[in-house]
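Here's the structure we're looking at; comments come further down.
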Amino acid sequence: MGVALITPFKNDESIDFEALARLVEHQVKNGTDYLVVCGTTAETPTLTDDEKEEITRFVIDCNAGRLPVVLGVGGNNTKALVEKLQHYDFSGIDAILSVTPYYNKPSQEGLYQHYAAIAKASPLPVILYNVPGRTGVNMLASTTLRLANEFSNICAIKEASGNFSQIDDIIKNKPEDFMVISGDDGITFPLITLGAVGVISVIGNAFPREFSRMVRLALEGDYSSARSIHHRFTELIELLFVEGNPAGVKSMLAVMGMIENKLRLPLVPNTIKTYEKIRLVLNQLN
């Protein structure tokens, strides 16, 4: 289980580095396998380049080599991404996670060429990220498999299409060492039964010990125990995303006393109704 770290903000919208340090320790001490920095859940569209760099270096320092670190390096300008990959200091980073280009709506050939350019420029392993609900474009299994077969440093895909047929096609036909990672907490358990290797999680920000245990049990083939944990979290995972990510997980962490419940516009906190539902479910789980 990797965890897509949120960016905690203070009430004045500055970055709350004390809360971020607590969150990193929470992950390290409770079973998370790797950290994902500056992904979608970190509200990266509202962070400046300097802030993203400051967050990345801060997490690397707090982590102190205890867990692998994956850095979100995505965008819809291929040339700019290639230039960044060629000149960026990747000290302390183990792999990159790169989302499909958003808004442009490239063809499948465009997606292939985009990732081919990234693979050729990247000094680190590359994890593809397919999340059509956010980007407006779905990368088909055929394109993923083409990239996986042609570029040895494209090591995995975070699949968040929710399309079981598409994901199963990738799992069935992929190279042996290519990894399929769930990009959706709610379907991680069934995807592991199909052959996925784990999840890049949102709920893991709050419940790393419990959710990583579910992943490990499922990978070990103890489906009964894993399913029990999966069902315990079903309602909470639904509440996480009902008003958008990361509003749900930030409400959850605020209830737990770990952060201020603050987002940057255009994102806003959950409504009081959803916040109270989250608080009630958390109390029941505890």
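Since every read-out is calculated from the coordinates, none of them should be taken as a lab result. All of these numbers come straight from a predicted model, not from anything done at the bench. Neighbour counts are summed over all protein chains in view; Cβ atoms, including those assigned to glycine, are modelled from backbone coordinates with ideal geometry.
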Report task. Multiply the residue gap between GLU235 and VAL268 by 0.36 nm, knock off their C-alpha separation, and tell me the result in nm, one decimal place. Result -> 9.7 nm
Report task. Sketch the reach of a paramagnetic label on ALA121 as a point 7 Å from Cα along Cα-to-Cβ, and name the residues of the range 52-70 whose backbone nitrogen lies under 19 Å away. Result -> 52-53
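Apply 1/(1 + (r/R0)^6) to the Cβ-Cβ distance of GLU150 and ASP89, taking R0 = 25 Å, and write down the FRET efficiency to the nearest 0.05.
Efficiency computed from Cβ-Cβ geometry: 0.35.
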Report summary line: With a Förster distance of 25 angstrom and the Cβ-Cβ distance between GLU210 and GLU276, calculated FRET efficiency to the nearest 0.05 equals 0.70
**Report entry** Backbone HN-Hα couplings from phi across the range 247-261 [Karplus 6.51/-1.76/1.60, Hz, Gly and Pro as x]
**Finding:** 4, x, 5, 5, 4, 4, 5, 5, 4, 7, x, 8, 8, 7, 7
**Report entry** Inter-label distance, nm, simple model (7 Å from Cα along the C-beta direction), SER142/GLU25
**Finding:** 5.3
Requested in this report: Please work out how much length the chain gains when fully extended from ASN286 to ASP168, using 0.36 nm per residue of separation minus the C-alpha to C-alpha distance, in nm with one decimal.
Outcome: 39.0 nm
Report summary line: Ranked by GNM mean-square fluctuation in the chain (Cα springs under 10 Å), the top entry among SER228, SER91, SER152 is SER91
Requested in this report: Taking only Cα atoms and a 10 Å spring cutoff, compute GNM fluctuations for the chain and point out the largest among LEU97, LEU265, LEU140.
Outcome: LEU265
Query raised in the report: What ratio of Cα Rg to 2.2 N^0.38 Å holds for the range 1-61?
Result: 1.06
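Only loop residues by DSSP count here, and only those with at most 11 other Cβ atoms within 10 Å; note down the trypsin sites (Lys or Arg not before Pro) in the range 1-79 that meet that. Provide the component values of the computation, followed by the final result.
On the way: sites: LYS10, ARG22, LYS29, LYS52, ARG57, ARG66, LYS79; in loops: LYS10, LYS29, ARG66.
For trypsin sites (Lys or Arg not before Pro) across the range 1-79 that sit outside H, G, I, E and B with at most 11 neighbouring Cβ atoms in 10 Å, the list reads LYS29.
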Report summary line: Taking every DSSP bridge whose two residues both lie in the chain, the antiparallel percent to the nearest 5 is 5
Query raised in the report: Which whole number of Å³ per residue matches the convex hull of the alpha-carbon atoms in the range 2-224?
Result: 120
Query raised in the report: Using alpha carbon centroids, what distance separates the range 210-243 and the range 42-120, in Å?
Result: 28
Report summary line: Per-residue ellipticity at 222 nm attributable to helices in the chain (runs of n ≥ 4 DSSP H, -39500 (n - 2.57) apiece, nearest 500 deg cm²/dmol) works out to -14500 deg cm²/dmol
